[in-house]
Amino acid sequence: MKTTVSTIEGSRQQLFIGGEFVAPKGGNYIRSYNPTTGEPWYEFAEADADDVAIAVAAASAAFRNPNWRRMTQTDRGALLRRLAELVRANADALAEIETRDNGKLLKETRAQMRAMPDSYHYFAGMADKLQGDTIPINRLDTLNINLREPLGVVGMITPWNSPLMLLTGTLAPCLAIGNTVVIKPSEHATASTLALAELIQEAGFPAGVVNVVTGTGQSAGEALTRHAGVAKYVFTGSTATGRRIAGNAAQNLVPCSMELGGKSPHVVFGDVDIEHAVNGVVSGVFAAAGQTCVAGSRCFVEASVYDRFIDALISRTQRIRVGLPTAEDTDVGPLALADQLSKVAAYVASGVKEGAKVAVGGGRPQKADLAPGGWYFEPTVMVDAQNDMAFMLDELFGPVVGVMAFRDEAEMIELANDTRYGLASGIWTKDIDRALRFANRIEAGTVWVNTYRSASFMSANGGFKESGYGRRGGFEVMHEFSRLKNVIIDYSGAMQDPFVIRLK
Ligand code: NDP
């Protein structure tokens, strides 16, 4: 890979269509900003509806091209393995690019990029394992089979918080099955996806199998989700945008897989080691500056240990080191975009107006080593929170947790489920019966017991309620990106008289 942070700095990045990096038809470019300074650092192509149409046509042609369509499963798997090794060889460079673009901690993006090859290998291993089945149907001399086949062109709209890791979980299985793809990364973090495109080219995927159209959601995103040539959409982002995309897709009767927002409950019972639970809550909500869809942003604590827990949570939060995302000793970096900073600040202010109290944090950190234009926000604990306060209802995507007490298990489950979201949940308890009752009653796609944010591409996950539908990961995802075709074969050699109906 030739691309690095220094080759991107000050450059103009192009679209990746039909196996080549090409200029946008309209000749327009958009500035990308560095979250640690708020200053522009490169420009990327602004795709319009024409560019999107060219990309979908390239993906459609690649889908029908025998080079890809008739490639054996083993060879598709081998291509993915080659890509896995290229990602491995360039993991640290990819991490530096993504961190510069979205401000996520370098140690975290590095861990994500170094783990990504395993994910590509895992799905490469599935390329030759997707199979249909044979179903007896009460007819003699008849073979009834279900074939599994790829869908066609898949449109992927990815967010800015972990662009490559979130892309991998759907791109790898999609390619393993033999689909082709048009990716629209977020305008706030496009660079790492374009760097990956370079690796896809280097790995030797046939031209047009993967295409990247950069630009805005309003223009490139809308054009992609209205295009009649797309067979499925994969979206990760806000519930509002997900709703809009699903509406567009419905016009063409195209299915979607949606990973949307969350307002996940994190429950603490008094029977656990409070320090452990505090560490779990802190990492569950402040990691990645709270910009994760699974952030445990509503914390419910058993009343008997509430004061003790709050003291420990405040003291631990005060020790969090906010700093440059590239520094090894930083715990929390900046937010990825200026809008996020004002959104988070506004929600904290509205929470205070509604009666919650800021126990720690609540504003922009004043530190000499941080550029004043950087988009930093202090890790913030809000006590005396209520489920009906705006900051407890909506996804903030920032380092803010609202804490409230509960009396008993019945009240806790009611409070935890009192949200329109249902992505993740966590419980800290030593009582296994209680943990299992929670797992059974919580309305969320993921349940963590005595841990949080522990995830693997080897198991399927996704949301309930307004957190979306469709599953990523595990073998389950292979069914998301393939379809069944039913084939009935009569091998009797004798066609019945067409007008004789045999009654029972
Ligand atoms: P969006 O949901 O608007 O953006 C996510 C992706 O959708 C981006 O690629 C965006 O492109 C694209 N997009 C936006 N509008 C359209 C459209 N009309 N048609 C097609 N694609 C579109 O999130 P924001 O970046 O505005 O962030 C707002 C909030 O969303 C956050 O505060 C957070 O609560 C939530 N969010 C949740 C994520 C998750 O992981 N579940 C990830 C990101 C955000 P572009 O960026 O170029 O506009």
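The values are calculated or read from the model by the stated rules, or taken from the named source; none is laboratory data. It should be emphasised that the depicted structure is a prediction, and the values quoted were computed from it without experimental measurement. Cβ coordinates were reconstructed from backbone atoms using ideal geometry, including for glycine residues, and neighbour counts include every protein chain displayed. These accessible areas exclude ligands, DNA and RNA; they are computed on the full protein's heavy atoms, side chains included. Shrake-Rupley method; radii C 1.70, N 1.55, O 1.52, S 1.80 Å.
Tabulated data
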read-out	value
Residues Asp431 and Ala327, FRET efficiency given R0 of 30 Å [Cβ-Cβ distance, rounded to 0.05]	0.15
Descending principal axes extents, region 265-449, alpha-carbon based, whole Å	50, 30, 29
Three-way shape label, region 178-335, alpha-carbon gyration tensor, a/c 1.5	prolate
Solvent-accessible area of Arg82 with every protein chain in place, 1.4 Å probe, in Å² to the nearest 10	130 Å²
Reach of Lys104 by Cα under 22 Å, taken over lysines that are not fewer than 8 positions away in the same chain	Lys184, Lys263, Lys343, Lys367
Charge-dipole axis of the chain as Lys and Arg at +1 and Asp and Glu at -1 on Cβ define it, positive-most pick from Asn144, Ile413, Val210	Asn144
Residue-by-residue Karplus 3J(HN,Hα) for region 230-236, coefficients 6.51, -1.76, 1.60, Hz, glycine and proline x	9, 9, 6, 10, 10, 10, 10
Helix 432-441 vs. the chain, principal-axis angle (Cα, 0 to 90°, nearest 10)	60 degrees
Sites Thr74 and Ala240, calculated FRET efficiency, Cβ-Cβ separation with R0 51 Å, nearest 0.05	0.75
Pairwise centroid distance, computed over Cα atoms, of region 253-317 with region 156-195, Å	28 Å
Given charges at beta-carbon only (K, R positive; D, E negative), |dipole| of the chain in Debye	1040 debye
Length-normalised contact order of the chain in % [C-alpha pairs under 8 Å, at least 6 apart]	18 percent
Angle in degrees between helix 91-102 and the longest Cα principal axis of the chain, rounded to the nearest 10	60 degrees
Order of exposure, largest accessible area first, which applies to Lys232, Lys504, Lys485 with probe 1.4 Å	Lys504, Lys485, Lys232
For region 423-431, Karplus couplings with θ = phi - 60° (6.51, -1.76, 1.60), whole Hz, Gly/Pro x	8, 9, 7, x, 9, 10, 6, 9, 8
Pairwise FRET efficiency - Ser454 versus Arg420, Cβ, R0 = 35 Å, nearest 0.05	0.90
Table column - 3J(HN,Hα) (Hz), region 481-498, Karplus curve with 6.51, -1.76, 1.60, x for Gly and Pro	10, 9, 10, 8, 10, 8, 10, 10, 10, 9, 10, 6, x, 9, 7, 5, 4, x
Semi-axes of the equivalent ellipsoid for the chain, Cα gyration tensor, largest first, Å	41, 31, 19
Mean ellipticity per residue at 222 nm, deg cm²/dmol - from DSSP H runs of n ≥ 4 across the chain, formula -39500 (n - 2.57)	-11500 deg cm²/dmol
Simple label model, 7 Å out from Cα along Cβ direction - Ala115 to Gln318, nm	3.2 nm
Under-5 Å amide H pairs with Gly468, H placed in peptide plane, nonlocal only	Leu260
